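Presented below is the structure to which this report refers.
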Amino acid sequence: MQEAPSRRAPLPDVSAAEPPVLAAEGLRKAYGDVVAVDGISFRVARGEIVGLLGPNGAGKTTTINMVLGVLAPDAGRIRVEGLDLATHRSAALGRMNFAAVYSPLPGNLTVSQNLRILGLIYGVPKLGERIETLLGQYDLLRFRNVKSGVLSSGEQTRLSLAKAVLNHPHLLLLDEPTASLDPAAARDMRARIRGFAAQETSGMLWTSHNMSEVVEVCDRVLFLSRGRILLEGDPRTLPGEHGKANLEELFITVAREPLSLAEEWEP
Amino acid sequence: MSLRRMAAIVLRHFYLIRGSLSRVFPLFVWVGIDMVLWGFISRYLAAAGAFRFSLVTTLLGAVLLWDFEARVMQGVTMAFFEDVWSRNFLNVFASPLRLSEYLGGLVLSSIATSAVGLAVMLLVAVAAFGLAFPVAGLLLAGFFLVLFLFGIALGIAGSAVVLRLGPAAEWFIWPIPAVLAPFACVFYPLATLPGWMRPVARLLPPSYVFEGMRAVVAGGAASGAMLLAGTLIAVVYILLACWIFASVHRYAVRTGLIARYAAESVS
């Protein structure tokens, strides 16, 4: 297998004076007796793509939902470019955007109608021009007047991504953005997202179960297990540090034997 | 509050109505049929007996006012249900849109749709059956205002119920006008009601409107104080409904209901 090149050169210094695009501190969420997220803290710097990895039920989507403001943490704080999400919700959410397979745009509206409505909600300047640009960038020009619900999975994913970058977000949350795509479409999509990240220097939080994709795209990964961050590091070097051949092997170990890794790694 | 974001909600509803005959027809068809049906009933009853007052005004006018109130309520709930049916909550609530702006957008959508219904009702009632309201100007505007405000309150409260209980709970919402009608004294004076129903009727703003309308039809004068009381009670209901919606929204964010909301019933 060909070694994936590092996405781009040097990572931003998260300790610099400029606040990180995302700072989560001590996030905790429990549903009754089940603790979904257990006091995790992490940061995403401008221009950095952070992979949020872990087996099903590890707490990834719960974390994303808390960052999106649709799930209130029991404890902890989320700041977007220094803005506390709890007290500056509208301003903080205006600086981010997201795409997730479980949140399609309304299928009874056309592609351009969906983008126009969300553009108004996000206060996108020169909205008409922006929509035209995105329709071109995401190969959606011919679907402009097509209802979103009749698009194929790949086309809907392109639309979701166009929506996600509509407001030039400083923080982009992508929950399994390529899950429903064939390999060629997924590669194309990764290239588009990388292009956006490089152009806009946005921070990204990316969840995926495709480990080769993570290696290709992410600068840093956080392995979640049972609501806690078990491992953190460069996806290209992390497996070797734990005696694994690749990220997929490391993922399987995290899923099956998280305690063995927890003992050897202290954050 | 951002008018632009409220306009986005109205625009979304406009796009949906414009593109769908099944959404256009209910705006005026049922209320038009109601006018025709009650217009003939009024004519028949008027011909069958001698009445000291105009039956067309009493019956048809009452139906028109009550239908208007129901249309206002449905205008709010239908705009809300569009988000329920298209599983759009994540796109709506994980955006800079404030709750007040969202509710404001629903109310503006309702103003637009109920105005269409009202125009059709007036056209049919006046042109085909010679309906002439015995009041005009500020007093008539006051009657409509009270019903409008109460319809908005019912719509917001009904939307809160569906947000809390899930999409299947919409069947609790549709019959609300029918359930309230006996207490609202649409067709008969408040004095007709048994003792236990009267306090309930006095808590409903429409009862003040219909009592006032009947007083005028009988040759008296509508009480400005009663109209004011009806308006104030309706405003209290709107505030209460907004508080209920905000409380349910907080609950939904605390429990993850919004994140999990789907087109199925949510328990």
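Please treat every number below as a calculation from the coordinates, not as lab data. Because the structure is a prediction, the values reported are computed rather than measured. Backbone-built Cβ (ideal geometry, glycine too); neighbour counts: all protein chains shown.
Summary of computed values
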item	result
Relative contact order (%) - criterion: Cα under 8 Å, at least six apart; region: region B:45-116	43 percent
Kirkwood-based shape ratio for region B:142-235, expressed as Rg/Rh from alpha carbons	1.03
Whole-number percent relative contact order across chain B, with pairs defined as alpha carbons under 8 Å at least 6 apart	25 percent
Rounded to whole Hz, the Karplus (6.51, -1.76, 1.60) HN-Hα couplings of region A:104-111, x for glycine and proline	x, 6, x, x, 8, 10, 6, 4
3J(HN,Hα) from dihedral phi, region A:154-160, Karplus parametrisation 6.51/-1.76/1.60, rounded to Hz, x for glycine, proline	x, 5, 5, 5, 4, 5, 4
B:L232 versus B:L45: modelled label distance in nm, points set 7 Å from Cα along the beta carbon direction	3.3 nm
Fewest-first sequence of A:I131, B:I176, A:I117 by Cβ atoms within 10 Å of each Cβ	B:I176, A:I131, A:I117
Total charge dipole magnitude, region A:139-185, about the Cα centre, Cβ charges on Lys, Arg, Asp, Glu only, Debye to nearest 20	300 debye
A:A75 long-range amide H proximity, modeled H, under 5 Å	A:R28
Region B:21-74: projected area of the alpha-carbon convex hull, averaged over directions, in nm²	3.7 nm²
Given charges at beta-carbon only (K, R positive; D, E negative), |dipole| of the protein assembly as shown in Debye	1680 debye
Normalised contact order of region A:81-203, rounded percent, pairs of Cα under 8 Å and 6 or more residues apart	34 percent
Partner chain coverage, peptide A:92-104 - average Cβ within 10 angstrom	3
Intensity falloff of chain A expressed as log10 I(q)/I(0), Debye formula with alpha-carbon point scatterers, at q = 0.12 Å⁻¹	-0.73
Number of partner chain Cβ atoms within 10 Å, mean per residue of A:119-125	6
Most positive-pole-ward Cα, B:M197, B:A115, B:L16, against dipole of chain B from beta carbon charges	B:L16
Restraint check, A:K60/A:K147; A:K126/A:K163; A:K29/A:K163; A:K126/A:K147, Cα-Cα greater than 25 Å	A:K60/A:K147; A:K29/A:K163
Kirkwood Rh in Å, taken over all unlike Cα pairs in the protein assembly as shown	25.9 Å
Calculated from backbone phi, Karplus (6.51, -1.76, 1.60) coupling profile of region A:242-256 in Hz, x at Gly/Pro	10, x, 10, 6, 7, 5, 5, 4, 5, 4, 5, 5, 4, 5, 9
Cα gyration tensor category, rounded, prolate or oblate, for region B:1-50 with a/c compared to 1.5	oblate
Residues A:D175, A:D33, A:D139, sorted so that the one with the fewest Cβ neighbours within 10 Å comes first	A:D33, A:D139, A:D175
Binned Cα-Cα distance frequencies in region A:65-159 - 5 Å width, integer %	3, 12, 20, 19, 16, 13, 10, 5, 1, 0
